[in-house]
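Asks: Quick one: this structure, given as structure tokens, is what I'll be asking you about.
Quick note: the coordinates plus some simple rules give every number you see, no bench work behind them. Please read these numbers as outputs of a predicted model, since none were measured by experiment. Because the Cβ atoms are built from the backbone with ideal geometry, glycine has one as well, and the counts that use them run over all protein chains shown.
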Amino acid sequence: MTHKSESSYILQKQLGSCLCCIINTFAAHASLLTVKNNRMVIYFFALLAMLFWGLSFIWSTIVFEYYKPVTTVFLRLVMSSAIFWILKSVFRHREVIQRQHYKLFILSALFNPFLYFIGENFGLKMTSPTLSAVIIATIPLFTPFVGVLLLKEKLSPLNYVGMIISFAGILVMLLKSDLTLIAPPLGLAFLAFAVASAVAYSVFLKKLSAHYSAITIIATQNVLGALYFMPFFLLIDFNHFVTVIPDKRLVMALLQLAVFASSLAYVLYTMVTRQLGISRTNIFTNLIPVFTAVFSYFILKEIITVNKILGIILVISGVVLSQRNQLIGIKGRLFDNKLNI
């Protein structure tokens with residue numbers, strides 16, 4: 001392990017200790033979510049979920065130093081699936097999936113996690129954690145366009161203005177002074193593919209959430225996603241996988257991805273959504289690239305330039321602006337279609 005890797009591992013270990021303390025806090029105060037007026041706890045859980053997802057770009061980058069993207073996602077999904085099914089058994093959360101919804105689950109898992117993680121992980125490997133997080137953060141910006149295409153819904157001028165501002169922010173991050181790209185076009189194409197997959201997935205998620213709890217949906221899709229990745233792992237990555245000797249840094253990053261990013265973050269997000277509603281909760285997702293940039297600077301020693309900071313501000317501003325109408329529409333009331341854990 002190099003000096004840089006050693007210092008990175010020390011920071012990982014310290015961060016892991018902090019996250020374990022956070023879990024203890026979560027376990028001690030989870031029951032407070034039944035009290036609707038206790039918004040501070042709810043906001044705290046929302047911040048934790050975004051922190052875990054922001055850190056996932058860093059943990060994945062660390063794992064990429066050992067394993068290929070397909071192996072990384074496959075192991076992450078297998079470990080997270082085991083965690084979810086253990087939780088379902090412990091809490092006796094039994095929900096039978098109806099036969100008529102099998103096809104819906106299979107299609108939804110094809111888009112997310114399979115296609116989404118192919119785009120995100122290959123894009124992340126070719127670019128940087130901060131840039132990847134910023135581009136992925138534009139997903140809420142494009143989701144309303146699904147309603148336009150499929151449901152003939154209308155977009156407000158703020159949707160278009162928000163998109164223009166966010167695109168400007170991405171360009172500020174991508175272009176050098178001579179107007180050349182700072183990242184490989186293929187990496188950017190993979191990230192754009194991830195965004196498109198997530199937007200398409202939202203259609204299936206909307207249908208599934210009308211019949212099943214979030215825990216059932218996530219647990220089932222993780223299993224199906226692992227099955228999708230398994231042939232590629234065995235045929236393409238397995239020979240490389242067996243040559244890697246895991247060390248503490250790799251094991252810790254994988255565990256953090258599976259436990260915090262792929263499991264606990266979704267549980268927290270669901271609990272928060274029950275109280276605040278989807279539109280309000282999605283505002284917190286704008287913090288993901290901020291967390292990624294901060295911890296990428298300290299853990300991975302990524303250089304954070306003025307252009308990156310300005311780009312993050314513009315992208316987040318554009319996304320928030322595009323969601324303004326949704327926030328006004330739900331002011332003073334909670335989301336009607338609450339998710340049940």
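Asks: Tell me the label-point distance for the pair Gln98, Asn38, using the 7 Å Cα-to-Cβ offset, in nm and rounded to one decimal.
Replies: 3.5 nm
Asks: Quick check: pseudo-label points 7 Å beyond the Cα along Cα→Cβ at Ile106 and Lys301, how many nm apart are they?
Replies: Modelled inter-label distance: 4.9 nm.
Asks: Suppose each label sits 7 Å from its Cα in the direction of the beta carbon; what would the Leu255-Leu310 distance come out to in nanometres?
Replies: The two pseudo-label positions are separated by 4.3 nm.
Asks: Further, regarding this structure: When a/c reaches 1.5 or more, the comparison of a/b and b/c decides; with that in mind, is the range 65-112 rounded, prolate or oblate per its Cα gyration tensor?
Replies: Judged from the Cα gyration tensor, the range 65-112 comes out oblate (a/c at least 1.5, b/c at or above a/b).
Asks: If you don't mind, there's one more thing I want to ask. Per 0.36 nm of contour for each residue apart, how much would the distance between Ile182 and Ile86 grow if the chain were fully extended, relative to their Cα-Cα spacing? Write down the numbers at each step before the final one.
Replies: On the way: separation 96, 0.36 × 96 = 34.56 nm, distance 4.35 nm.
Gain on stretching Ile182 to Ile86: 30.2 nm.
Asks: Can you list which of the GluC sites (Glu not before Pro) found in the range 95-176 are DSSP loop residues with at most 13 other C-beta atoms within 10 Å?
Replies: Of the GluC sites (Glu not before Pro), the ones in loops of the range 95-176 whose Cβ has at most 13 other Cβ atoms within 10 Å are Glu153.
Asks: Quick one: order Val146, Val320, Val73 by neighbouring beta-carbon count within 10 Å, fewest to most.
Replies: Listed from fewest to most nearby Cβ atoms, that is Val146, Val320, Val73.
Asks: To the nearest Å, what is the center-to-center distance of the range 152-185 and the range 98-120, using C-alpha atoms only?
Replies: Their Cα centres are 28 Å away from one another.
Asks: Subtracting the Cα-Cα distance from 0.36 nm times the residue separation, let me have the gained length for Val244 to Phe145 in nm, one decimal.
Replies: 31.3 nm
Asks: Let me ask you something else. From the square roots a ≥ b ≥ c of the eigenvalues of the alpha-carbon gyration tensor of the range 75-195, which class results: rounded (a/c under 1.5), prolate (a/b over b/c), or oblate?
Replies: It comes out oblate by the Cα gyration axes.
Asks: Once you order the gyration tensor axes a ≥ b ≥ c over the Cα atoms, which shape class does the range 125-238 get: rounded for a/c under 1.5, otherwise prolate or oblate by comparing a/b with b/c? Working shown, then result.
Replies: Details: a/c = 2.84, a/b = 1.15, b/c = 2.47.
The shape class here is oblate.
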